[in-house]
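Heads up: the structure comes next, in structure tokens.
None of the figures in this text is laboratory data; all of them are computed from the coordinates on show. Everything numeric here is computed off the predicted structure, so don't read it as measured data. When we count neighbours, we look across all protein chains shown, and the Cβ atoms used for this are built from the backbone with ideal geometry, even at glycine.
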Amino acid sequence: MFEVLIRLCRQPDEEVSQRELADDLTLTSSGITRLIDRMEEAGLVGRVPSPEDRRSVLVEPTEHGHTVFLRAVAVHSQVVERYFVAPLARDDYARLTSALGEIHQALREG
């Protein structure tokens, strides 16, 4: 659910279909449908018909979903700080972030 909220909340007003979510999260159509069903029941997201393609359904975060996302990001940041940043010496942290940047760039290039 956190990954779905990240995807939906990272660019406000972006239209994201269930199919795009499934592709982004490497889920099957039925897998994303079940996940979005649970998130909708929890009040985190809503489904709306696509204005451009009536066969497509868009998924939007609700106000509650945004609130939950912001709380989850705060907790996630604390966990990352505690286990991945704090234990490292400054030089090691610089090497880690540099290496992660290189990996990210390689993944983007593909």
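Count of segment 39-72 residues, restricted to those that are in contact (Cβ under 8 Å) with a residue 24 or more places away in the chain, within 16 Å of the chain's Cα centre (by Cα) and not in a strand (DSSP E or B), is 7.
Residues in segment 24-47 that are farther than 20 Å from residue 76 by Cβ, surrounded by 12 or more Cβ atoms within 10 Å (Cβ to Cβ) and not basic (Lys, Arg): 27, 31, 32, 33, 36, 37, 40, 43, 46.
Filtered by the rule that a residue be farther than 17 Å from residue 65 by Cα and either of a type in the set (S, T, N, Q) or assigned to a loop (DSSP other than H, G, I, E, B) (or both), segment 1-32 gives 26, 27, 28, 29, 30.
Before we move on, is residue 96 surrounded by 10 or more Cβ atoms within 10 Å (Cβ to Cβ), outside any helix (DSSP H, G or I) and over 21 Å from the mean Cα position of the chain (by Cα)?
Numbers: surrounded by 10 or more Cβ atoms within 10 Å (Cβ to Cβ): yes; outside any helix (DSSP H, G or I): no; over 21 Å from the mean Cα position of the chain (by Cα): yes.
Criteria not met by residue 96.
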